[in-house]
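Chemist: Submitted below is the structure of interest, expressed as structure tokens.
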Amino acid sequence: MFSIFWVSVSLTVHGVANWILVAKRVHEYIDMVRAQKPQQWIFEEAQSIARTRYDYLDEEEESELAERLSIVMAPLFGKAR
């Protein structure tokens, strides 16, 4: 899964009492972000981060890779773990 950002809100007692206003403001911000055109620098930053993560991945043993892939793929073939 890929995401540009996520939202996590921690509320004070006052915030909980006004949760509807808080939710409204969060949605207004999301609408504002959606209204903007995609920006090249955001794409380039995400691309750079992905490239760096890939470059510094630890190599996985072949047996561990095979086991992990079989666990992930088993449901696709109707097999239980």
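The values are calculated or read from the model by the stated rules, or taken from the named source; none is laboratory data. Given the structure is predicted, the values throughout are model-derived calculations rather than measurements. All Cβ positions, even for glycine, are placed from backbone atoms using ideal geometry, and neighbour counts span all protein chains on display.
Chemist: Residue 20 - would you say it is part of a helix (DSSP H, G or I) and in contact (Cβ under 8 Å) with a residue 24 or more places away in the chain?
Modeler: The answer is no for residue 20.
Chemist: Moving on to the next point. Are there any pairs, at least 6 apart or on different chains, whose C-beta atoms fall under 9 Å, with the first in segment 44-72 and within 27 Å of residue 4 (Cα to Cα) and the second aliphatic (A, V, I, L, M) and surrounded by 10 or more Cβ atoms within 10 Å (Cβ to Cβ), and if so, which?
Modeler: Cβ pairs passing all conditions: 46/4.
Chemist: So, of the residues in segment 18-31 that are hydrophobic (A, V, I, L, M, F, W, C) and surrounded by 11 or more Cβ atoms within 10 Å (Cβ to Cβ), which turns out to be nearest to residue 42 (Cα to Cα)?
Modeler: Going through the qualifying residues, I end up with 30.
Chemist: Could I ask something else about it? When residue 25 is evaluated against the numbered criteria (1) outside any helix (DSSP H, G or I); (2) at pLDDT 90 or above, which criterion, by number, is the only one it fails?
Modeler: Just one mismatch for residue 25, condition (1).
Chemist: Filter segment 22-61 for residues that are in contact with a helix residue (DSSP H, G or I) (Cβ under 9 Å, 6 or more places away or on another chain) and under 30 Å from residue 10 (Cβ atoms) and give the result.
Modeler: 22
Chemist: Which of the residues that make up segment 34-55 are aliphatic (A, V, I, L, M) and surrounded by 10 or more Cβ atoms within 10 Å (Cβ to Cβ)?
Modeler: Once the filter is applied, which keeps residues that are aliphatic (A, V, I, L, M) and surrounded by 10 or more Cβ atoms within 10 Å (Cβ to Cβ), segment 34-55 yields 42, 46, 49, 50.
Chemist: Which condition number in (1) loosely packed, with under 10 Cβ neighbours inside 10 Å; (2) under 23 Å from the mean Cα position of the chain (by Cα) is the one that residue 73 fails?
Modeler: Of everything listed in (1) loosely packed, with under 10 Cβ neighbours inside 10 Å; (2) under 23 Å from the mean Cα position of the chain (by Cα), residue 73 misses just condition (1).
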